[in-house]
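What follows is a set of notes on a single structure, which appears directly below.
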Amino acid sequence: MSNLVQLYGPSFSVFVRTAALVCEEKGIAYQTGKELNGQTIDIHSDKHFQLHPFGKMPVLIHGDKILCETASIGRYLDRIFGPETLQGATDWERAQIDQWCSLITQYIDFYVVRQFMLEVVFPKGDNGEPRMDVTSANRPAAENAIAIIAKQLGSKPFLVGHHFSLADAMLAPMLTYNKDAPAPINLVNDHPQLLEYTNRLRARPSGQKVLQPMSKSR
């Protein structure tokens, strides 16, 4: 099987960035984008839905294997390109990392990115302006989600335990985007330990390669 991993989806996508971080941490050769095996596959085209039944990203193509959903991709890469380093050293750590991967995917992304940040990043109001009433209405839930992450982090160097894990890779793109966002939607700066954590994730060799501001990643 080829060592090259293909990640279907744009490099600025939050979850494509998570998969790319895993590749960087593991030293895996990879490429991102809409081109797979020399063929361009448009997002939400029939061929995209053949790769992911709900038309989401990323999708991993590794040889003849196709795998979707970010946490599953991360676990697969960590195992196949072993030794496993991103899923915890004990059964309890492993369970906690799985728990936080689920919480980040289901709730943090929804409240912070989908319901809050995207209204400013990709405005849907008249004349392309953000709907600030929508942002204001969704702000309490986003602030609560960020506060939950800050509480879980506490004084630890990483979200679960003392080593970078898949949970950190899931969270890092969301936090760096929020840190770079304009004041109305920047919540990371309200939590000093979360700001320091975000800066450390970006300073890692993997973060320097993957966690660039959106304008530099296109």
Can you find even one residue in the range 84-97 that is assigned to a loop (DSSP other than H, G, I, E, B), at pLDDT 95 or above, out of contact with any strand residue (DSSP E or B) (no Cβ under 6 Å at 6 or more places or on another chain) and hydrophobic (A, V, I, L, M, F, W, C)? yes
Considering the range 148-158, residues that are farther than 15 Å from L201 by Cβ and over 18 Å from the mean Cα position of the chain (by Cα), and then whichever is surrounded by the most Cβ atoms within 10 Å (Cβ to Cβ), we arrive at K151
- [ ] Kindly check whether there is at least one residue in the range 58-67 that is in contact (Cβ under 8 Å) with a residue 60 or more places away in the chain and either of a type in the set (V, I, T) or touching a strand residue (DSSP E or B) at 6+ places or on another chain (Cβ under 6 Å) (or both).
- [x] yes
Of the residues in the range 179-213, those that are touching a Leu at 6+ places or on another chain (Cβ under 8 Å), in contact (Cβ under 8 Å) with a residue 60 or more places away in the chain and either assigned to a helix (DSSP H, G or I) or within 13 Å of I108 (Cα to Cα) (or both) come to S206, G207, V210
Considering residues that are in a helix (DSSP H, G or I) and open to solvent by 10 Å² or more (accessible area, probe 1.4 Å), the number found within the range 159-178 is 1
Output for Cβ contacts, cut-off 8 Å, separation at least six or different chains, first residue at pLDDT 85 or above and part of a helix (DSSP H, G or I) in the range 111-139, second open to solvent by 40 Å² or more (accessible area, probe 1.4 Å) and among the hydroxyl-bearing types (S, T, Y), reads N138/Y111
By residue number, the members of the range 68-97 that are open to solvent by 50 Å² or more (accessible area, probe 1.4 Å), among the β-branched types (V, I, T) and closer than 16 Å to A19 by Cβ are I80, T85
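The values are calculated or read from the model by the stated rules, or taken from the named source; none is laboratory data. Quick caveat, the model's predicted, so the values are computed rather than measured. Neighbour counts run over all protein chains shown; Cβ positions are idealised from the backbone, glycine included. SASA here: full protein model, heavy atoms, side chains in, ligands and nucleic acids out. Shrake-Rupley method; radii C 1.70, N 1.55, O 1.52, S 1.80 Å.
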